[in-house]
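Presented below is the structure to which this report refers.
The values are calculated or read from the model by the stated rules, or taken from the named source; none is laboratory data. Treat the numbers as computed from the prediction; the structure is a model and nothing was measured. Neighbour counts run over all protein chains shown; Cβ positions are idealised from the backbone, glycine included. For the accessible areas, the whole protein counts, side chains as well, though only heavy atoms, and no ligand, DNA or RNA atoms are used. Shrake-Rupley method; radii C 1.70, N 1.55, O 1.52, S 1.80 Å.
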Amino acid sequence: MAAFSAWFWNERFWLPHNVTWADLADPAPGVEYPKAGHLLTALPLALGIFAVRILFERFIASACARSLHIQPGAGRRAQPNAVLEKVFISITKNPDSRHLDGLSKQLDWEVRKVQRWFRHRRNQDKPSTHTKFCESMWRFTFYLGIFTYGVQFLWQTPWMWDTRHCWYGYPYQVMTRGLYVYYVTELAFYWSLMFSQFRDIKRKDFLIMFVHHLATVGLISFSYVNNMARVGSLVLFVHDTSDFLLEAAKLANYAKSQRLCDFLFILFGVVFFITRLVIYPYWVLNSTMFESWTIVGPFPSWWLFNFLLLVLQVLHIFWSYLIARIAIKAMLRGKTHLKTLEFVLKIENPLYDSGSSYLPQINFL
C-alpha cells in the first residue's frame, strides 16, 4: 500500500518542477493550500443534499406539480400474469411475432391482447410525468442556486476578469473559503447523484450513468488536488450557465406550456452555443494551454488536464451539432422535442439525467 501511495502521489506527475508536497504542507499562518483530505467533507455534504432532495421533491416539487394539474397517477397497469411476467423479465420486453404467436396459443389470448399487455407492462416501468417534473424541479433549483453562487463568488475574483491570475504564483495559491465552498458543493452534488441512482427508477443506462458520476467526481478531485481550482471554477461556471435553462424548458414541457417551452429551449440553445463554442475555447482553453505555458510551464498533470479539456471541447462541438439539428426540426414541425433533447444532452452534468442515453456522459469539472 505504501508503494502504491508513493507511486500515485508522485510529485513529478502532480506538481511543477522543483515543487514538492512538503513545500505545500506547512503554509504561513492563516494560509491554506488544497489537500486531498479536504475533499472528504463532500461525503457527508452529499448525504445532506440527498436528504434535502427527497424532502424537496416530496413536499415542494410535488405540490407545485399538483398545482399545475400534474397528478402522481401511475397510469394503466398490466393485469397480473405469471407467464407473461416471466417472459418480460427473463426473455424480452418487446416480443417479436414468433413469441407473440406462441404466447397467444399458450394463454388462449388474441395476439393484440398480448401486445397490449406488454405495452402496458413497459409503461409501468417508465417514470410518470409527475416524477419527472419533481426531478427536473430539483435539478433546476440546484443548478440555478449554484449558478447564482458562482456569479456572486467569481465576480469578486481577479481571475474572472484576467485569467492569467489562474497561474500567477501557481501552485502556491491560497484556497479561499468561497472557492472551497463552490468546489466542494459541486463535488457533493455529483456524489449525491451516485447515491440517488439506487433510489431512482432503474434505467437502461444505469451503469453508464454510474461510471459518469464516478469519472466526474474523480476529475473534480483531480483539479482540486493539484490546485488548478481557479481555472476549474471557470469551467464549472461555464457549464452551469445553461443547465438550469434546460431544466426550466423541461418543466414547461411537463406543464404543457408549449410556447414557454419553445422560448426556453431557444434561449438554452443560444446560451449553450455561446458558452461552449465561444467562451470556453477563447476564455478557458486559451488560459490553460497558452497562458499557463508562459507563466508556469508544462508538467505531466498539466498535459493530462489539457487533454481532458480538449476532449470536452470536441464533445461540445458534437453536442452543438445535435442541438442545432433538433432546433431545425423543431422549427419545421413547430414543436420542441424535449425527449430527443434529453437523449442528446444526458452527457452534460447530469447535468442531464432525466432519461435514457447511449452516449457517453462526461463532465470534466
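What a 1.4 Å probe finds exposed on the stretch 214-303 is 74% carbon and sulfur by accessible area, rounded to a whole percent. Peptides 116-124, 267-275, 218-226, 100-108 ordered by packing proxy, namely the average of other Cβ atoms within 10 Å per residue, highest first: 218-226, 267-275, 116-124, 100-108. With no solvent and one point on each alpha carbon, what is the Debye value of log10 I(q)/I(0) for the stretch 123-188 at q = 0.12, 0.19 Å⁻¹? With one equal scatterer per Cα and no solvent, log10 I(q)/I(0) is -0.49, -0.83.
Could you report the stretch 137-203's accessible area per residue, 1.4 Å probe, as an integer in Å²?
Computed with neighbouring chains in place, this is 44 Å² per residue.
For the stretch 39-148, the spread of Cα positions along the three principal axes, ordered from largest to smallest, is 60, 38, 22 Å.
Looking at the stretch 30-107, the accessible area is 65 square angstrom per residue; that uses a 1.4 Å probe and ignores ligands, DNA and RNA.
Peptide packing: for 234-243, 282-291, the average count of neighbouring Cβ atoms within 10 Å per residue gives the ranking 234-243, 282-291, highest mean first. Each part reduced to its alpha carbon centroid, the stretch 1-30 and the stretch 98-169 end up 40 Å apart. Amide H to amide H distances under 5 Å link Tyr33 with Met175, where only residues 5 or more positions off or on other chains count and H is placed in the peptide plane. Of the trypsin sites (Lys or Arg not before Pro) in the stretch 1-76, the ones in a loop by DSSP (not H, G, I, E or B) with at most 16 other beta carbons within 10 Å are Lys35, Arg76. Our note on the geometry: Cα centres of the stretch 287-319 and the stretch 243-274, 31 Å apart.
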